[in-house]
Structure formats: C-alpha cells, structure tokens
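So the structure is just underneath, and the comments pick up after that.
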C-alpha cells in the first residue's frame, strides 16, 4: 500500500462476524425447489423459511430468539396446494406475513402472539400447524413467484407471476388494482424509496422502470445479456438502480443505471465480479450506502460502498459454507451497542441458518451518530386509499436510532426529498469551472498550444517516413530513367578501363583475381555485405571491359589511339580497381537502393522468368550513355534481358571465369551480382509464402470463431 492513496471512509474496516455454533438455527428442512427467490426473509423478530414438505406447500416461521437445534416435528404454516415459492413480512405489522405458491394463490397470514416454532402445541400436547390464512388473493392465472410489501403505504402488496404480469394489490379490498403487463417472466422487481416507481427485470433481458399508478414505462432498455435471471434493487433515496446478472460468456456482472436513461446502458459499463454460476442476491443499506452481494452457491458475501455512481470494494465475509438463501433484517433491529450496521442470515447446507453481524470496529461506548442515521420506522406514511388515490410522499416515516440505543420511545420524522446524482455532478462541475482563475486558463491554453505543436511535428515526421517508403517502392526502371548517376558511374569505369595496359590480360590469369568469400546472408553485419557488393561491381566492370575489346573493329581502333596517347599515364590493374572501388563507394547509397528495388521487382515478375540468370541491371536505359560508351550499352542490355544476346556478345565466358572453382589452388567460388540477387529473390519468395500461409490460417480461425458465435447465439435463442 506504500505510495497508494487510500480513500477515506467510515466503513473501510467493516467486517462480518459469524455467530457461535450454538446460536445457529439447526435441524431445518429448507426447500430444494429451484425457483429463483431468496428462500428466507426476516423482519427482525421472525425468520420465514420455505419448507421442504410433502402433501402441499408449507413454510416455517422461526422466532429469532429460538436458536439451536429444532425438534423433528415443528409447527408450520400450511394452506397452499403447491410448493411455497416466496414469503414477505409486513413492514408495519410484525405479526403479519404473506406467502405465494405454485398454485397461483397469495395468502396473508397472522402469526399468533403465543407462537413458538419448537413448542406450539394444542390441548393434547400435539404440535399444531396454522392452516387457515387471514386472506387469499386470487387473480393470477399461473404460479406466483415473488411478492413484496409497499415501503410506505399500508396494506399494499406487489406480486409477479408466470403469466408475465406484476399486480399491485389492495389488501383492504382484496383486489388487484393495477396490472403491469410484461412480454416475458419477471425475474425480479423492487419499489423505489417512496414507492411511486417500480423497477423490473424480465426474462426477455430488459430492464424497465414503471410509474406504477399511471401504468406506463418511464424508461426501458437492454439489461444483462446472459441466459440466467438477473436481480434489481434501488440504491436508496436516489434515481439509480443496481442490477446483478450474467454476460453472454456467463461472467457475473453488476450494473448501475440512471432510471431516466436506461436505454443508454449502465453508467461506466458493467463491473465484472467473477465467472461463478450462482445468481447474485443484492441488498442495499440506504443508511450506510453499502451494497451487499451474496451469491448462490458462494460461501463469501461481498460488500461495496456506493458514492457518486461508483462502487468501491471494501471487503468480503469469507466462509467455506455455501448459501442458497440470504436475508437482511430491518435497520431498527440491529445491535446498536455493538456497532452492528447490518444483521444478516444465510442458509447453510439446506439444514441450518447462520446469523452474521457486520460491525464497524469502534471502542467508544457512546452512541455513534455518524454511522446510525435515521432509519425507516414501523409506522406507515400512507394508507392504501391515499396511495391508490395518487398521494405522494418523500419516503417512509423515519425514526431516530439514538432512542433505540437508549431504550426509549423513538421520535418520528418525515423523509427528505430524493437526491439526483446527475444534478450534483453538474453543479460540482460548474462550481469548479467558476473557481478556475484566469491565470489557470492561460496556462491551459499554453499547454494546448504545446500539444498542438508536438502533434504537428509528429505528423510531419510520419509524412516523411511515408514519403520515403513510397519512393523506395517505385519501379526500378522509372527510378533509373529519372537519374543519370548510374550512367555517369559506368562512363568513369569505362574510361579507367581504357587506361589499362593492353599487353596484360587479367582474364587469362586466375591468380590476379582477388579471393572473395561467399556473402553470409544470415549475418546482419553491414561491412561484409558492403564488401561483397563492391566485389560484384568489380566483376561486372571486368566483364564490361572484355566486351569492349570484342565489340567491333572501329571501336578497337578508337581505343588503341586513346591507349597510345596515354601510355605515360597508364597504371596497373590493381590501381584501376582501387579507383573503381572508391568511385563505387561514393555511389554506394544509390546502388544499395537499386539492389533492394531489383529484389522487389524480381519477386513480382518471378512467374514470367524462364531461367535463373535473369537480373535487373543498374543500367536499364541506354539513352543516358554517351556515344563513346556504346560498348557498355551493348553489354548492359544482355544483363537485363538475356534473350537479346548474340553469339559474339554472350557473357558466359566472363561469368564462368568469375565462378570457376580451381581445385589445385583451393580458390572458393566467387559470387557474382546475379547469384546474390537470385538468393535474395528466393528468400523473398519463401517469406511471401510463409506470410500467405499465416494469413490463410488467420482467416480460417476468424471464420471458425464466427461460426462458434453463431452457434452460441442460436443456442441462447
């Protein structure tokens, strides 16, 4: 953590503390039904559990103080014809609980004041069940999977069914006053803070925000793309909701949404948690702005702190016992003296329930007002008639937690107006802009100018690189036609060859030739490569000189006149070679570029060539030469095009003299320009074949991936 900024938070050190083993609720028969619900619920006084029973549906109500191992026969709430799928406690009446079942009915139950989970017996000391509900709500045509009470209005209940509807019930009349029709099964729904809006997630992978009393959709958009069900809950008294679900690749995700712009997707995208398969059950604590995530099949419980559309990961409660059900008790039931901020329960191995306390570690024995703000009370803010009539409140009636700490009667308060996060962000941004001084603005302008100049220089350098690359890729013939440097170089070589002694014939004596090693194409040393190029140029010059002698009688007479007039200035063969090398070194850059271009041209026209002796000569335009250098033009054309050679001008003798291997003297073969270019051409062709093979394999791989994606899409559909 050295050198890393740590965000200040009151809840950074919150930890989960499990209860002792003797405080567990054991010997239970938790349902094994695969329906996606929380399985257990709690109102701080009781815990409801979907029970695994035969002969109709049942659920158990366990008083919080009845811990330990339960007897084999316990009192249950029986009355449904099918398995119980979900339960919910009335937030304004601790003795009332609702249940929904596979039979399509919703039952309202009253918990007796003398009820006991372990010993609720009749006059004959037999365990008795509660079999008669107070009220039965009929209206859904298929199984009812989820139910939830209104957070502010009394006797208002919401339910979702497999008939693709969400119904809002008035328990005073027993009628479904409002029906919200969906296109597919609703997998999760949640009221906002004041109960005027409803967020729903559906099996059609859509997230919707409903104005309940108007029965219209405020905002709608695509949610999680995975096939498994997603969950939704409101982020307290704000205009934000959080969803949990799966991606198309089965990664577990969290998303924070602006309820007015659902179609724009989650704010800052989805947050990937992991790749486990269990559905994440979310719970948001409005008083501490903490989000708890309990995954089905996970042993751990993650918790985050929410602030300005960002979830900051705090820690996690680690456990090796996986849970299927998870519930959180209301805030007014926490142990304030122990600095407990959340009291939670989770199922363990489908036969016990483990209580977990999330605690802020503090030593003070006084009331901690900063971590215990006012929380919702058990007093309703509206009646059912008022709410269905259109009356609006800011939220539930609040109670002070200090009264709970002192054991006094709590004082009640009204809720504050809900906050909108975007308005806060915009106001803070405008304030920052106003606070910026003119000096800072000037500095920012200077920085922008510097950036512009840097980007301009970078663009210019890039343009230069592109231009140089384009010039290198030009055709060799066009490049040589536009420049006379190569022709001038050959003219100088011919003049030097005229100054040689006519009596000396170096072509007949192999000892006068310098020994040249084979060019190592694998080694990247530029010096060796340069020397091999110079030797090849010398061989070419000698060939040109020999062809000058055998060109024509008129040319020979001219050459004899020149040689007799310049006998005093004649030099030996080695001096002429040194002069030729010095001249060749001056023009080395031009030759290197021409050889690279010759390689590119040879690789492009390799399919049309008939023999391996084809080569692009540095001189392909004989018009640039003077009349005195006509023999050189006759020799240059056969090099670039061997089909135009005559029998007298065939260069096979000179080339064979350059490459004959003398076995007696042990002289190695001397590579010529033809052989080196051919080797380079073969390397280029091999490289091109490898590149084409790699490209084909990449295309095949892409086609396979596309085919797999189509199969996955078809399977998901």
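Some observations on this one:
- Neighbour-count ranking [beta-carbon atoms within 10 angstrom, fewest first] of 185, 85, 683: 683, 185, 85
- Computed over region 43-132, the ratio Rg/Rh where both radii use C-alpha atoms and Rh is Kirkwood: 0.94
- One equal scatterer on each Cα of region 340-398, no solvent, Debye formula: the resulting log10 I(q)/I(0) at q = 0.27 Å⁻¹ is -1.11.
- Footprinting exposure proxy for 148, 414 (fewest neighbouring C-beta atoms within 10 Å first): 414, 148
- Of every Cα-Cα pair in region 15-376, the percent that sits beyond 32 Å: 29 percent
- For residue 370 and residue 417, a Förster radius of 25 Å and the Cβ-Cβ distance give a FRET efficiency of 0.70, rounded to the nearest 0.05.
- Between residue 337 and residue 403, the distance separating the two model label sites (each 7 Å from Cα on the Cα→Cβ line) works out to 2.0 nm.
- For 167, 337, order by how many other beta-carbon atoms lie within 10 Å, fewest first: 337, 167
Readers should treat all values here as calculations from the given coordinates under stated rules, not as data from a laboratory. On a predicted model such as this, the values are computed, not experimentally measured, just so you know. Cβ coordinates were reconstructed from backbone atoms using ideal geometry, including for glycine residues, and neighbour counts include every protein chain displayed.
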